[in-house]
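The structure appears right after this line, and notes come after that.
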Amino acid sequence: NAGVTQTPKFRVLKTGQSMTLLCAQDMNHEYMYWYRQDPGMGLRLIHYSVGEGTTAKGEVPDGYNVSRLKKQNFLLGLESAAPSQTSVYFCASSRLAVDPNEQFFGPGTRLTVL
Amino acid sequence: RKEVEQDPGPFNVPEGATVAFNCTYSNSASQSFFWYRQDCRKEPKLLMSVYSSGNEDGRFTAQLNRASQYISLLIRDSKLSDSATYLCVVKRAGTALIFGKGTTLSVSS
């Protein structure tokens with residue numbers, strides 16, 4: 001099993017450009033999450049999904065959109081990138097309603113917006 | 001006030017030392033507690049869950065004090081490979097995980 005994979009690993013964008021980050025998991029997990037991690041800020045939840053076709057906002061959703069058309073994929077979109085979105089983006093997944101609700105993370109996408 | 005607070009460190013210790021990390025959380029409705037480990041430029045990985053009775057996994061011991069809203073992680077006989085950032089994580093019912101900013105540990109020979 002590959003676990004959680006993310007595409008791309010690195011990306012440089014110019015302000016105003018758009019892009020989509022792809023997250024895929026092969027563990028048949030119900031829940032999927034997108035986080036961003038910035039120096040001194042820790043991991044912050046952007047959006048999450050509790051199942052195919054459903055999404056919800058997290059702590060810092062502004063400037064991002066998500067879609068979960070297939071159970072195994074969770075896409076994060078930036079419609080008009082801003083320098084403040086320079087960050088490392090992590091996708092994670094977890095099983096439904098399981099204690100301890102361990103989240104499995106992908107390797108991350110390092111995004112720089114110039 | 002952040003919901004989960006940790007001393008960022010860094011903690012610099014020699015091999016073989018015992019080191020303890022502390023974490024406090026502000027929401028008394030928090031139900032589940034974890035320590036995650038994150039190596040430099042890598043993704044976070046679950047180190048251990050934290051139970052009210054305290055739990056141990058080899059050299060690692062986690063404690064929870066619900067009355068004080070306080071979580072701890074003790075690492076005994078530190079190894080070079082323990083160098084990483086340790087993230088304190090809490091979860092309330094129906095919500096996603098809430099991460100602390102992490103405590104950085106550097107173990108030297």
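Would a scan of the stretch A:72-87 turn up a residue that is in contact (Cβ under 8 Å) with a residue 12 or more places away in the chain, β-branched (Val, Ile, Thr), assigned to a strand (DSSP E or B) and in contact with a Ser or Thr (Cβ under 9 Å, 6 or more places away or on another chain)? No. Taken as a whole, the condition of being within 13 Å of another protein chain (Cβ to nearest Cβ) and surrounded by fewer than 13 Cβ atoms within 10 Å (Cβ to Cβ) does not apply to B:ASP77. In the stretch B:1-27, the residues that are over 19 Å from B:ASP77 (Cα atoms) never reach a residue that is loosely packed, with under 13 Cβ neighbours inside 10 Å and acidic (Asp, Glu) with C-beta atoms less than 6 angstrom apart, at least six apart or across chains.
Test B:VAL107 against the stated conditions and say whether it is within 12 Å of chain A (Cβ to nearest Cβ) and part of a strand (DSSP E or B).
No; evaluated as a whole, the condition is false for this residue.
Looking across the stretch A:48-59, the residues that are over 23 Å from A:ALA2 (Cα atoms) and either in a strand (DSSP E or B) or modelled with pLDDT of 95 or more (or both) come down to A:THR54, A:THR55, A:ALA56, A:LYS57. Applying the set (1) among the β-branched types (Val, Ile, Thr); (2) modelled with pLDDT of 95 or more; (3) not in a loop (DSSP other than H, G, I, E, B) to A:THR15 leaves exactly one unmet item: (3).
Name the single residue that is nearest to A:GLN103 (Cα to Cα) among those in the stretch A:22-56 being away from every other protein chain (no Cβ under 11 Å) and among the charged types (D, E, K, R). If you could, list the steps in order and put the result at the bottom.
Step one: filter the stretch A:22-56 for residues away from every other protein chain (no Cβ under 11 Å), giving A:22-30, A:36, A:51-55.
This time we only want the ones that are among the charged types (D, E, K, R), so: A:26, A:30, A:36, A:52.
Working: A:ASP26: 14, A:GLU30: 11, A:ARG36: 15, A:GLU52: 17 Å.
Top of the filtered list is A:GLU30.
Select, from B:THR24, B:THR85, B:THR103, the only residue that is within 26 Å of A:CYS91 (Cα to Cα), over 10 Å from the mean Cα position of the chain (by Cα) and surrounded by 13 or more Cβ atoms within 10 Å (Cβ to Cβ). Going through B:THR24, B:THR85, B:THR103 in turn, just one is within 26 Å of A:CYS91 (Cα to Cα), over 10 Å from the mean Cα position of the chain (by Cα) and surrounded by 13 or more Cβ atoms within 10 Å (Cβ to Cβ): B:THR24.
Whether a residue is in a strand (DSSP E or B) and over 28 Å from B:VAL4 (Cα atoms) was assessed, and A:LEU43 does not pass this test.
Restricting attention to the stretch B:1-34, and to residues there that are part of a loop (DSSP other than H, G, I, E, B) and among the hydrophobic types (A, V, I, L, M, F, W, C), which single residue is farthest from A:GLU102 (Cα to Cα)? Lay out the reasoning, then the answer.
Residues of the stretch B:1-34 that are part of a loop (DSSP other than H, G, I, E, B), as a first pass: B:1-3, B:7-10, B:15-18, B:26-29.
Next cut, among the hydrophobic types (A, V, I, L, M, F, W, C) only: B:17, B:29.
On the way: B:ALA17: 29, B:ALA29: 19 Å.
The selected residue is B:ALA17.
The values are calculated or read from the model by the stated rules, or taken from the named source; none is laboratory data. Quick caveat, the model's predicted, so the values are computed rather than measured. We place every Cβ from the backbone using ideal geometry, glycine too, and count neighbours over all the protein chains shown.
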